1. Which is open to solvent by 10 Å² or more (accessible area, probe 1.4 Å), among the aliphatic types (A, V, I, L, M) and outside the structural domain of residue 88 (by TED's automatic domain parsing), of 286, 329?
2. In the stretch 55-75, is there at least one residue being under 16 Å from residue 276 (Cβ atoms) and in contact (Cβ under 8 Å) with a residue 12 or more places away in the chain?
3. For the structure I just gave you, tell me whether residue 127 is surrounded by fewer than 21 Cβ atoms within 10 Å (Cβ to Cβ), over 26 Å from the mean Cα position of the chain (by Cα) and assigned to a helix (DSSP H, G or I).
4. Taking the stretch 206-233 as the region of interest, how many residues are among the polar types (S, T, N, Q), open to solvent by 10 Å² or more (accessible area, probe 1.4 Å) and under 30 Å from residue 57 (Cα atoms)?
5. In the stretch 272-311, what residues are over 26 Å from the mean Cα position of the chain (by Cα), of a type in the set (Val, Ile, Thr) and within 18 Å of residue 261 (Cα to Cα)?
6. Residue by residue through the stretch 325-350, note down the ones that are in a loop (DSSP other than H, G, I, E, B) and away from the ligand (no atom under 16 Å from the Cβ).
7. Out of (1) within 23 Å of the chain's Cα centre (by Cα); (2) open to solvent by less than 40 Å² (accessible area, probe 1.4 Å), what's the single condition that is false for residue 334?
8. What residue, of 109, 37, is touching a residue at least 24 places away in the same chain (Cβ under 8 Å), in contact with a helix residue (DSSP H, G or I) (Cβ under 9 Å, 6 or more places away or on another chain) and assigned to a strand (DSSP E or B)?
Amino acid sequence: PTTATALSDLSADELESFLENQRTAYAELQGRGLKLDLTRGKPSVAQLDLCNELLGLPKGHLDAGGTDVRNYGGLSGITELREMFADLLWVETEQVVAGGNSSLTMMHDCLVQLLLHGAPDSPRPWSQEERVRFICPVPGYDRHFTMLASYGIEMLTVPMHEDGPDVAAVRELVKDPAVKGMWIVPTYANPSGSTCSQEVASALASMETAAPDFRIFWDNAYAFHHLTEDEAKSADILTLASGSGHPDRPIMFASTSKITFAGSGVAFLAASKANVDWYLGHQQFASIGPDKVNQLRHAQFFGSAEGVRAHMARHREILAPKFAAVDEALTSALEGRAVATWSKPSGGYFVNLDVLDGTATRVVELAKAAGIALTPAGASFPHGHDPRDRNIRLAPSFPVLDEVRTAMAGVATCVLLAAAETLSG
Ligand code: PLP
């Protein structure tokens with residue numbers, strides 16, 4: 001049994017015996033032949049089952065305006081679903097596009113259009129600039145970074161704080177005209193769990209940028225994904241931006257991937273009318289219209305914006321105990337040891353675990369060898385490189401509760417073993 005002394009306060013002998021104990025605990029862990037996966041933020045089967053009614057919808061094939069959803073057309077999506085999500089995202093219906101099944105695809109489409117054509121306020125297409133740079137709050141979402149990397153866009157990191165990206169660092173970077181945009185996950189960020197405050201959002205909306213066509217990719221993937229009754233409100237970035245004279249700066253994205261079916265949901269883009277027209281103006285060459293049958297069945301399934309909120313409460317009932325289990329396992333094994341800190345998110349899909357500097361890769365490797373798959377160390381940083389090798393993203397949504405408990409107790413053992421190995425040199 002461990003008394004919770006900071007590992008760095010142990011004498012050399014104490015540390016040696018602590019290390020031996022952890023080696024024994026790890027050998028036991030390996031002996032259990034586990035096969036658990038905490039790599040990605042996927043909804044669990046129980047969550048997917050909450051939406052099985054969708055498989056029998058839509059009833060009928062006409063939307064509220066009488067359009068036959070089975071046919072081509074309606075590039076911006078069906079009105080009743082756009083209205084519902086405009087209400088949820090605090091924007092006007094004309095500012096919302098309901099698209100296909102993936103918001104990541106909409107982000108990618110925007111980026112490619114900026115590269116190939118530029119925006120109306122661009123001096124030239126981004127691809128004709130000598131270099132294009134993007135601000136990336138870290139830790140952040142790995143697919144944001146790999147998307148930029150695939151187009152050779154340079155990534156400049158800024159720290160992600162409890163209230164959003166480090167504004168002073170962002171203000172410094174946007175003095176460079178090559179800095180064309182930035183990512184933000186404003187609500188319950190992946191993976192830090194933090195929520196961008198009104199003050200930070202307002203500063204980002206109003207700051208001077210050297211690039212006249214600076215864009216904020218405001219990825220509100222977890223806008224409604226509360227884990228407690230204390231529901232975070234996303235800052236109203238479109239109003240803040242238009243109020244400070246930069247109406248076209250933000251492009252907001254959201255989807256029902258973690259509300260209904262992750263692979264068969266509906267994605268949304270919300271922006272100024274000028275940005276929406278720009279987006280659809282290019283999109284018209286790529287599609288005759290989105291899957292309106294899927295959009296109609298979503299509109300019928302939810303019924304209203306209130307229906308979406310009520311549905312999210314059912315997700316919370318399934319998810320909250322898993323996040324509590326992560327915190328319990330980490331607290332009981334690691335509290336007082338001074339070798340790790342972790343987030344206690346009130347929403348979203350992730351727990352951010354920071355272990356002793358230089359040991360994250362080792363922890364993930366130890367866990368893997370014990371049958372516990374974790375997201376690769378460094379994944380939350382551009383090019384997969386965490387300069388301090390300390391960050392691990394935990395995704396407890398998919399496994400059942402018992403498996404989350406087992407996996408996290410195992411991860412805690414790996415954290416302690418890796419720390420003891422490093423400290424004993
Ligand atoms: N944005 C963030 C921050 C995410 O974490 C995810 C999925 O994990 C996505 C976007 C993917 O969204 P979609 O399923 O709508 O493409």
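The values are calculated or read from the model by the stated rules, or taken from the named source; none is laboratory data. The model shown is predicted, which means the values in this text are computed figures rather than measured ones. Every residue, glycine among them, receives a Cβ derived from its backbone with ideal geometry; neighbour counts consider all protein chains shown. Calculation scope for accessible area: heavy atoms of the full protein, side chains included, ligands and nucleic acids excluded. Shrake-Rupley method; radii C 1.70, N 1.55, O 1.52, S 1.80 Å.
1. Details: 286 fails: outside the structural domain of residue 88 (by TED's automatic domain parsing).
Of 286, 329, the one residue that is open to solvent by 10 Å² or more (accessible area, probe 1.4 Å), among the aliphatic types (A, V, I, L, M) and outside the structural domain of residue 88 (by TED's automatic domain parsing) is 329.
2. Going residue by residue through the stretch 55-75, those that are under 16 Å from residue 276 (Cβ atoms) are 74-75.
Now narrow it down to the ones that are in contact (Cβ under 8 Å) with a residue 12 or more places away in the chain: 74-75.
Yes - at least one qualifying residue is present in the stretch 55-75.
3. Details: surrounded by fewer than 21 Cβ atoms within 10 Å (Cβ to Cβ): yes; over 26 Å from the mean Cα position of the chain (by Cα): yes; assigned to a helix (DSSP H, G or I): yes.
Judged against the criteria, residue 127 is a match.
4. Of the residues in the stretch 206-233, the ones among the polar types (S, T, N, Q) are 206, 209, 220, 228.
Next, only the ones that are open to solvent by 10 Å² or more (accessible area, probe 1.4 Å) stay: 206, 209, 228.
Checking which are under 30 Å from residue 57 (Cα atoms) leaves us with none.
Residues in the stretch 206-233 being among the polar types (S, T, N, Q), open to solvent by 10 Å² or more (accessible area, probe 1.4 Å) and under 30 Å from residue 57 (Cα atoms): 0 in total.
5. Once the filter is applied, which keeps residues that are over 26 Å from the mean Cα position of the chain (by Cα), of a type in the set (Val, Ile, Thr) and within 18 Å of residue 261 (Cα to Cα), the stretch 272-311 yields only 293.
6. From the stretch 325-350, those in a loop (DSSP other than H, G, I, E, B) are 335-339, 343-346, 348-350; that's our starting set.
Matches in the stretch 325-350: 335, 336, 337, 338, 339, 344, 346.
7. That leaves (1) as the condition not met.
8. Numbers: 109 fails: assigned to a strand (DSSP E or B).
None of the others qualify; the one that does is 37.
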